Amino acid sequence: MPGSLESLDITGIQIPYHYRCPISLELMCDPVTISTGQTYDRSSIESWISTGNSTCPVTRVQLSDFNLIPNHTLRRLIQDWCVSNRNLGVERIPTPKQPADPSLVRSLLSQASSESAPLCTRVSVLKRLRGLVRDSEKNRLVICSNNVRDVLLPIIFSSSTESNELTHESLALLAMFQLGEHHCEFISSNSDRISFLASLLSHKSIEIRVNSAALIEMVVAGTRSLEQRVLIGNADGLFEGITAILNYPFAYPRGLKIGIKALFALCLVKQNRQKAISAGGAEALIDRLADFEKCDAERALATIELLCRIPIGCAAFAAHALTVPLLVKIILKISDRATEYAAGALLSLCSGWEELQRDAVAAGVVTQLLLLVQSDCTERAKRKAQLLLKLLRNSWPDDSIANSDDFGCSDVLPF
């Protein structure tokens, strides 16, 4: 191995060897020292350990522990070196934020849960914990491992909590963690707790509304009992609140993401679907369909297909002028899943309205479906496409299908 004073030359810049991580051979941004005395970049040694290795990568000596001690001296030397070479295009590495100390986290959670502590202190502590979670995933894991959910749930739902600010801060922090099954049971088994969360969906603060929706989504998804999931959907104002989040007039990506996750989870229960339609869910889904990112667009399309399985749902989507053109446009555009859901929704809609059949054909669905059955899409998507083609055969223009090369080479038999 080269000596500590040897330099490595990359793109014309000489980087001292001891400034490089022995694992990645790249300039260290967050040097840490392990039990053998060797120093590595934090991300590299964490990756090494997380894959099951228990030895030092350089010396091969068994590690006595997995503590990573920040090497502040070396980091400052690297930063000085970066500054001295900035004329060569080298950027100074930032000073990394250190992971939260577990003892500090325990102290903060103890203060947050203490009813004898001043209200302002408890609120301040919760805000600090939120900041730590935002700083890094490691902090989130440290806080999660200290039973943060068991601390926050009693604060949110306690009748003795006199401060709305304390409740809202606790809700905001809790929304950053996944709930366990027993946490979901704690909430879903009590109608007052569900009603409280539903009431927050009409709060004037969009952040509080979205945090409440996030908690509702986790509870619905994490509750096994169908009866309890139906009861959640019966809460007054719940679907109206979720729909209002989707219809929020200003750009709020987190709101869209949480809103569609919540609506999808609720609509998996068929008893909830009519409520979603009555609350304006169909209009909200179509109006926002173009704004969703890939994964959220898949959820939105899956929700549309679910809602199209009931007559009132089909009628609501059929009444929206953009439903058919948007669904046709999505086929083969976003993902295999999105294509399957879009084809399924179109099949339900076109089965009930001849006018929609003509609209679909006019929007170019026939060409899309012919391409779909020849693609590598899912078998379910292809079956839906074949059924839809059969359904639309009377609406095909005579001069666009019978003589089409696409039709001649497709797997769909003429009818």
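Candidates Leu126, Ser145, Asn164 compared by Cα position along the dipole of segment 99-177: farthest toward the positive end lies Ser145, with charges placed on Cβ.
The relative contact order of the chain, computed from alpha carbon pairs under 8 Å that lie at least 6 residues apart in sequence, is 7 percent.
Applied to segment 88-103, the Karplus parametrisation 6.51 cos²θ - 1.76 cosθ + 1.60 on θ = phi - 60° returns per-residue 3J(HN,Hα) values of 9, x, 7, 8, 5, 6, x, 6, x, 7, 6, x, 5, 6, x, 5 Hz, with x for Gly and Pro. When peptides 89-100, 117-128 are ranked by their average number of other Cβ atoms within 10 Å per residue, the highest-first order is 117-128, 89-100. What the Cβ-Cβ distance of Ser136 and Lys390 gives, at R0 = 56 Å and to the nearest 0.05, is a FRET efficiency of 0.55. For segment 271-291, the residues whose backbone nitrogen is under 20 Å from a point 7 Å from the Cα of Ala315, taken along Cα to Cβ, are 271-286.
Over the chain, dividing the summed -39,500 (n - 2.57) contributions of all DSSP H runs of at least 4 residues by the number of residues returns a 222 nm mean residue ellipticity of -17500 deg cm²/dmol. Ranking Ile155, Leu215, Asn247 by how far each Cα lies toward the positive end of the dipole of the chain (charges on Cβ) leaves Ile155 at the top. Per atom type, the chain shows carbon and sulfur on 50% of its accessible surface, probed at 1.4 Å. Amide H to amide H, with H built 1.01 Å from N, Thr55 comes under 5 Å of Leu63, counting only residues 5 or more places away or on other chains.
Ignoring lysines fewer than eight residues from Lys275 along the same chain, the ones with Cα atoms less than 29 angstrom from its Cα are Lys204, Lys257, Lys261, Lys294, Lys329, Lys384.
Computed about the Cα centre, the dipole magnitude for segment 304-377 is approximately 120 debye when only Lys and Arg (+1) and Asp and Glu (-1) carry charge, each at its Cβ.
Compared with the direct C-alpha span, the chain from Ser103 to Trp81 gains 4.5 nm at full extension, assuming 0.36 nm per residue.
With the charge dipole of segment 321-395 set up from +1 on Lys and Arg Cβ and -1 on Asp and Glu Cβ about the Cα centre, the Cα lying farthest toward the positive end among the listed residues Ile334, Leu370, Asn394 is that of Leu370.
Rolling a 1.4 Å probe over the protein heavy atoms gives the chain an accessible area of 50 Å² per residue.
Computed from Cα atoms, the angle from the helix 119-135 axis to the main principal axis of the chain rounds to 80 degrees.
Out of [x] 1.10; [y] 0.96; [z] 1.14, which label holds the value of Rg/Rh (Cα atoms, Kirkwood Rh) that was computed here? For Rg/Rh (Cα atoms, Kirkwood Rh), the calculated option is [x].
A 1.4 Å probe, protein heavy atoms only, puts the accessible area of Glu379 near 110 Å². Overall, the chain carries a charge dipole of about 580 debye about its Cα centre when +1 sits on the Cβ of Lys and Arg and -1 on the Cβ of Asp and Glu, all other atoms neutral. Averaging Cα coordinates gives a centre for segment 90-104 and one for segment 345-379; these two points are 54 Å apart.
Think of each Lys and Arg Cβ as +1 and each Asp and Glu Cβ as -1; about the Cα centre, that makes the dipole of segment 99-177 roughly 220 debye.
For Asp291, the accessible area of its heavy atoms, probed at 1.4 Å with every protein chain present, is near 80 square angstrom.
Ranking Thr39, Thr303 by solvent-accessible area of protein heavy atoms (1.4 Å probe, all protein chains present), from largest to smallest, gives Thr39, Thr303.
Put Ile304, Ile258 in order of accessible area, highest first, and with a 1.4 Å probe you get Ile258, Ile304.
The values are calculated or read from the model by the stated rules, or taken from the named source; none is laboratory data. All values reported here derive from a predicted model rather than from experimental measurement. FYI the Cβ positions are ideal-geometry reconstructions off the backbone, even for glycines, and counts take in every protein chain you see. Surface accessibility is based on the protein's heavy atoms, side chains included, excluding ligands, DNA and RNA. Shrake-Rupley method; radii C 1.70, N 1.55, O 1.52, S 1.80 Å.
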